[in-house]
Amino acid sequence: MKNPSIKKNIIISTLYQILSIITPLITAPYVSRVIGPNGIGAYSYTSSIQLYFSLFAALGTAEYGLREIARARMNIQKRSKLFWEIELISAINSIIMLILWLIFISVQKQYRIMYLILTLNLLNTLCDIS
């Protein structure tokens with residue numbers, strides 16, 4: 001089995017980081033023009049609340065997973081077992097936070113549509129295998 005190339009991983013990671021920085025710079029002017037200042041404020045407020053739920057859903061499993069899987073990179077069975085254990089922990093945390101999020105949305109009167117749209121971010125946390 002061929003070992004993954006460190007150069008390839010660095011290039012892909014760098015491109016991903018650059019894209020994550022450039023994308024908001026391209027989309028922000030358009031979004032601000034379309035939804036206006038009140039919409040941006042409402043989105044920032046609702047997004048900040050949703051971010052707490054996503055943070056608790058992830059609970060640092062990505063960093064922990066990277067470290068542990070890197071340690072077991074030569075043992076395929078151990079690496080696979082670690083991956084699925086960490087993914088299970090992440091999925092359980094995400095489902096619990098998704099349930100709490102839906103309860104939170106049900107008691108909110110203002111910005112309910114934005115909260116529902118931001119539910120996609122929690123689902124993204126559930127599906128994230130990085």
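The values are calculated or read from the model by the stated rules, or taken from the named source; none is laboratory data. As the structure is a prediction and not an experimental result, all values here were calculated from the model. Don't worry about glycine lacking a Cβ; one is built from the backbone with ideal geometry, like all the others, and counts go over all protein chains shown.
Quickly run through the range 55-66 and pick out the residues that are among the hydrophobic types (A, V, I, L, M, F, W, C) and either more than 20 Å from THR119 (Cβ to Cβ) or in a helix (DSSP H, G or I) (or both).
Those that are among the hydrophobic types (A, V, I, L, M, F, W, C) and either more than 20 Å from THR119 (Cβ to Cβ) or in a helix (DSSP H, G or I) (or both): LEU55, PHE56, ALA57, ALA58, ALA62, LEU66.
Return the pair list, or none, for Cβ contacts closer than 6 Å from residues in the range 22-43 that are in a helix (DSSP H, G or I) to residues that are among the small types (Gly, Ala, Ser) and at pLDDT below 85, at least 6 apart or on different chains.
Within 6 Å, the pairs are ILE40/SER32.
Select from the range 45-74 the residues that are of a type in the set (D, E, K, R) and farther than 18 Å from ASN124 by Cα and list them in ascending order. Break it down stepwise before answering.
Filtering the range 45-74 down to residues of a type in the set (D, E, K, R) leaves 63, 67-68, 71, 73.
Within the range 45-74, ARG67, GLU68, ARG71, ARG73 qualify.
Scan the range 57-82 and report the pairs whose first residue is among the hydroxyl-bearing types (Ser, Thr, Tyr) and whose second residue is in a helix (DSSP H, G or I) and surrounded by 15 or more Cβ atoms within 10 Å (Cβ to Cβ), with Cβ atoms within less than 8 Å and a gap of 6+ or a chain change.
Pairs that qualify, where the first residue is among the hydroxyl-bearing types (Ser, Thr, Tyr) and the partner is in a helix (DSSP H, G or I) and surrounded by 15 or more Cβ atoms within 10 Å (Cβ to Cβ), are THR61/ILE86; THR61/SER90; THR61/ASN93; TYR64/ILE86.
Does TYR16 count as assigned to a helix (DSSP H, G or I), at pLDDT 90 or above, among the aromatic types (Phe, Trp, Tyr) and under 28 Å from TYR115 (Cα atoms)? Spell out the reasoning first.
Numbers: assigned to a helix (DSSP H, G or I): yes; at pLDDT 90 or above: no; among the aromatic types (Phe, Trp, Tyr): yes; under 28 Å from TYR115 (Cα atoms): yes.
Here the answer is no, as TYR16 does not meet what is asked.
Restricting attention to the range 108-118, does a residue exist that is free of Cβ contacts under 8 Å to residues at least 24 places away in the same chain, surrounded by 15 or more Cβ atoms within 10 Å (Cβ to Cβ), assigned to a helix (DSSP H, G or I) and β-branched (Val, Ile, Thr)?
To start, the set of residues in the range 108-118 that are free of Cβ contacts under 8 Å to residues at least 24 places away in the same chain comprises 108-110, 112-113, 116-117.
In the following step, the residues that additionally are surrounded by 15 or more Cβ atoms within 10 Å (Cβ to Cβ) were identified as none.
Looking for residues that are free of Cβ contacts under 8 Å to residues at least 24 places away in the same chain, surrounded by 15 or more Cβ atoms within 10 Å (Cβ to Cβ), assigned to a helix (DSSP H, G or I) and β-branched (Val, Ile, Thr), one finds none in the range 108-118, hence no.
Does ILE69 satisfy the criteria of being surrounded by 10 or more Cβ atoms within 10 Å (Cβ to Cβ), in a helix (DSSP H, G or I) and at pLDDT below 90?
Yes; evaluated as a whole, the condition is true for this residue.
Could you tell me which numbered condition GLY41 fails, if it satisfies all but one of (1) of a type outside the set (A, V, I, L, M, F, W, C); (2) within 20 Å of ILE129 (Cα to Cα); (3) surrounded by 10 or more Cβ atoms within 10 Å (Cβ to Cβ)?
With respect to (1) of a type outside the set (A, V, I, L, M, F, W, C); (2) within 20 Å of ILE129 (Cα to Cα); (3) surrounded by 10 or more Cβ atoms within 10 Å (Cβ to Cβ), GLY41 is out only on (2).
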